[in-house]
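Working notes, beginning with the structure itself.
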Amino acid sequence: MTKRDIIDLQLESFFGGKFPQKIQRLVDAELNQGRWVDGYDLAVSPDVIDGDDARKLFEIILTQNPELRIDRDTLMKVVDDKLPQSSGAPVSWIAGENGAYALTDSLRVARFEGAQMIWRTPRISWDGIEFDSLVNGRLRGRAWLLSSSVTPDTTFELDFDTGELLEGEAVPY
């Protein structure tokens, strides 16, 4: 598993809804590549594993990669304080190869390393943000601006190191 996989898995456990399926799929892939760790047998099941077994697998992975463990309580406090829209909207994320990741509360984007926020954009959407890619230090996505359409109106691009908005626009509060 890559750093990106492990960070993405943790964020799925914090904010997502498919944690058991995601961890089972990742561990199955490791087993298919011949990597065996005590406890991985939990993933071998004809059905989707339950939440308890998923959490056990998760702990096995984090024990092997303690430097990638995100302190959930600290992260949630920062998200509540700095991404206030997150209480009413789903939090979305995208993880980079080095383990850094971005979260959105549907209005703005913030970059994190572990549970520490590195930068936060001004508001770049009226009502939703979708991430598309994080490649070569550029975070690309789409944002809704003054429409009620089902799809986002405009693209944006951020410098992942600095948070500078390279394409797109900030919107007034």
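Bear in mind these aren't lab numbers, they're just calculated from the coordinates by the rules spelled out. Computed from a prediction, not measured in an experiment: that's the story for all the values here. Counting neighbours? That spans all protein chains shown, and the Cβs are built from the backbone with ideal geometry, glycine included.
Some points to look at:
- Per residue, the convex hull around the alpha carbon atoms of segment 62-121 comes to 82 Å³.
- Pairs of Cα atoms nearer than 8 Å and 6+ residues apart set the relative contact order; for segment 72-167 it is 18 percent.
- In terms of its alpha-carbon gyration tensor, segment 72-167 comes out oblate; a/c meets the 1.5 threshold, while b/c is at least as large as a/b.
- On Cα atoms only, tilt of 19-32 relative to the major axis of the chain in degrees: 50
- Rounded, prolate or oblate (a/c below 1.5 giving rounded, otherwise prolate when a/b exceeds b/c) for segment 3-68 by Cα gyration tensor: oblate
- A DSSP coil position with no more than 14 other Cβ atoms inside 10 Å describes the following chymotrypsin sites (Phe, Trp or Tyr not before Pro) in segment 30-87: 36.
- Table column - 3J(HN,Hα) (Hz), segment 41-51, Karplus curve with 6.51, -1.76, 1.60, x for Gly and Pro: 4, 4, 7, 7, 7, x, 10, 5, 5, 7, x
- Across segment 14-31, the residues whose backbone nitrogen lies under 14 Å from the label position 7 Å along the beta-carbon direction of residue 44 are 27-31.
- Once the convex hull of all Cα atoms in the chain is built, its volume per residue stands at 127 Å³.
- Cross-link partners of residue 22 among lysines, defined as those whose alpha carbon lies under 17 angstrom from its own and excluding same-chain residues fewer than eight positions apart: 3, 56.
- Karplus-derived HN-Hα couplings along segment 104-120 (A = 6.51, B = -1.76, C = 1.60, θ = phi - 60°), whole Hz, x at Gly and Pro: 10, 9, 5, 10, 9, 10, 9, 9, 10, 10, x, 9, 9, 7, 8, 7, 9
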